[in-house]
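**Q** Pasting in a structure now, in structure tokens, and then I'll have a few things to ask.
Read-outs throughout are calculated quantities, based only on the coordinates presented, and are distinct from any laboratory measurement. This structure is a prediction, so every number in the text was calculated from the model and none was measured. Here the Cβ positions follow ideal geometry from the backbone for every residue, glycine too, while neighbour counts run over all protein chains shown.
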Amino acid sequence: MRSEKSVLVVCILLIAIPSWGKQAPQSASATQPTSDPQAVAVVQAAITTLGGATAISQAQRWTFQAQMQGPRANGDTTYALSTDTDTGKLVAADGSTKPAHPIHSHFVPALVASILVKELQDPKFRFFYEGAGTRDSKPVTVIRVMLSDGGMSFPAQFWSFDSINLPVQADFRLPAEIGARQSFPVVVGLSDYRAVSGVLYPFGITTFLPGGLPQTVTLKSIVVEATTPPNEFNGNGGDLR
């Protein structure tokens, strides 16, 4: 009799275990945090101020004329960047290939409008209101961006927006990506916004490199196009793999 009861208990457990396995992922997904509506409203207001998502999304290629000063690059430079995502290939000793790492670029923060639109539309990113602060003795609103990857969540960026919703500082804890290029994982100051093809771009970009002098990029002009040619490494423009 005891043997029959044991068999019955085992059968019940074998039936129940698969149903528990099916329920577990549902519970995990239900606990994923969602964006703070107040934070989303701030980012949406910034996108509107910068030119609106429609105008911002039309740009696919940018050619900059700029003057650079700092430890990574100096002097006048012409720099092209597009949304093409091909990073190229690395060839191993055995002849196998794998995608190369994206190029770190001092010019990616110039595309702050495109970064915000891209991340707001990507479900892997979530936005949270951090509160009010000050930058250069002026009031700002701080937004934290979290990146979800493989069931884990990481602080990606902290954005500071001024009183008219323009981004004035980005703390790139994780790099922002545009095409095959990404920002350096450092704090970047943004200033001197000017309109080009209906979109505002920061013509002053200061990258605060750790343990040294900042790298500054002063834009002189921007040409915007809808084509997406491959990105090429530009050492004179301060690129780094």
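**Q** Which cross-chain or sequence-distant (5 or more) residues have an amide H under 5 Å from the amide H of Ala156, H modelled 1.01 Å from N in plane?
**A** Close amide H contacts, sequence-distant or interchain: Val145, Met146, Leu147.
**Q** Take His106, His101 and order them by how many other Cβ atoms sit within 10 Å, fewest up front.
**A** On the way: His106 28, His101 12.
Final ranking by Cβ density, sparse to dense: His101, His106.
**Q** Here is a follow-up. Apply the Karplus parameterisation 6.51 cos²θ - 1.76 cosθ + 1.60, with θ equal to phi minus 60°, to every residue of the stretch 218-227 and state each ³J(HN,Hα) to the nearest whole Hz, in sequence, with x for glycine and proline.
**A** 10, 6, 9, 7, 9, 10, 10, 9, 9, 8
**Q** Given that just one value was derived from the coordinates, which of (i) 1.02; (ii) 1.16; (iii) 0.99 is Rg/Rh (Cα atoms, Kirkwood Rh)?
**A** Here the calculated entry is (ii).
**Q** Here's another thing I want to ask about it. Please sort through the DSSP H helices of the chain and keep those with an alpha-carbon extent of at least 24 Å along the long axis and a Kyte-Doolittle average not below -0.5.
**A** Qualifying helices: 2-30.
**Q** Would you please give the FRET efficiency between Asp192 and Lys98, computed as 1/(1 + (r/R0)^6) with r the Cβ-Cβ distance and R0 = 45 Å, to the nearest 0.05? Write down the numbers at each step before the final one.
**A** Values: r = 40 Å, r/R0 = 0.89.
Calculated value: 0.65.
**Q** Using Cα pairs closer than 8 Å and at least 6 residues apart in sequence, work out the relative contact order for the stretch 148-241, in percent. Could you put the intermediate results ahead of the total?
**A** Values: 127 pairs, mean separation 14.3, N = 94.
15 percent.
**Q** With the contact rule set at Cα under 8 Å and sequence spacing of 6 or more, what percent relative contact order holds for the chain? Display every interim value, and only then the final one.
**A** Numbers: 468 pairs, mean separation 61.9, N = 241.
Taking the mean separation of contacting Cα pairs over the length of the chain, I get 26 percent.
**Q** Return the calculated 222 nm mean residue ellipticity for the chain, to the nearest 500 deg cm²/dmol, obtained by summing -39500 (n - 2.57) across DSSP H runs with n ≥ 4 and dividing by the residue count.
**A** Working: 4 runs with 59 residues, N = 241.
So the calculated ellipticity at 222 nm is -8000 deg cm²/dmol.
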